[in-house]
Amino acid sequence: MFQKIKDYFLNKYLSDNKPDRKPKLVSLTQARSIGILCEITNEDSYKSIFHIFTRLQESGRNVKLIGYVNDKFVPFYCLPQLTADYFCNKHLNWFGLPNMVQIQDFLKVDYDMVIDFNYRYNAPVRAILSLTHAQFIVGRMPDCGNLYDLYLDCLDCDNLKYLEAVHKYTQKLSGNDR
């Protein structure tokens, strides 16, 4: 019962504060600023996403990582950096909205592309997706398909193959696949 009340107020907040986005197709190679959303479930998932994060940064892009840990505390291996932040359940307000300055800063930036690396539904990540001003949002969670500009049915592939699929399909859709 209490969870339904929380969900109601979260949905009301998200619908009342929906940004005025004008989606624009951007390929991964054209994107100069990229936001990454993910859930960190263990140290291996952290290493996997951090490898992708550093790979994108090394290609000369402005990349910001926001990682959600569905626990009371952020684990020791999730080291916050200037362009990588992590939040946990203690950083959520009473109805599940992330309540951190770093999240607010992430939401203020008009990224060329936001890539959602989540495998499963998380209300805090859905809230960030709902409130972002990004030009193009890519994701693979069926429950958040209405928030994406490009939905890829790629739940069974690892993060690196998913990034390759994002690259492949955004190239094809933008007409730059020559």
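Tabulated data for the structure shown
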{"read-out": "Per-region count, region 42-74, residues under 17 Å from residue 126 (Cβ atoms) and more than 14 Å from the chain's Cα centre (by Cα)", "value": "1"}
{"read-out": "Enumeration of residues in region 109-136 that are in contact with a Leu (Cβ under 8 Å, 6 or more places away or on another chain), of a type in the set (Phe, Trp, Tyr) and surrounded by fewer than 23 Cβ atoms within 10 Å (Cβ to Cβ)", "value": "119"}
{"read-out": "Output for region 90-108, where each listed residue is surrounded by 15 or more Cβ atoms within 10 Å (Cβ to Cβ) and either in contact with a Gly (Cβ under 9 Å, 6 or more places away or on another chain) or under 25 Å from residue 170 (Cβ atoms) (or both)", "value": "106, 107"}
{"read-out": "Positions within region 82-104 being closer than 14 Å to residue 38 by Cα and touching a residue at least 40 places away in the same chain (Cβ under 8 Å), in sequence order", "value": "86"}
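All of the numbers you see were taken from the coordinates with simple rules; none came from a lab. Source: prediction; values computed, not measured. Note that we place each Cβ from the backbone using ideal geometry, even for glycine, and neighbour counts take in every protein chain shown.
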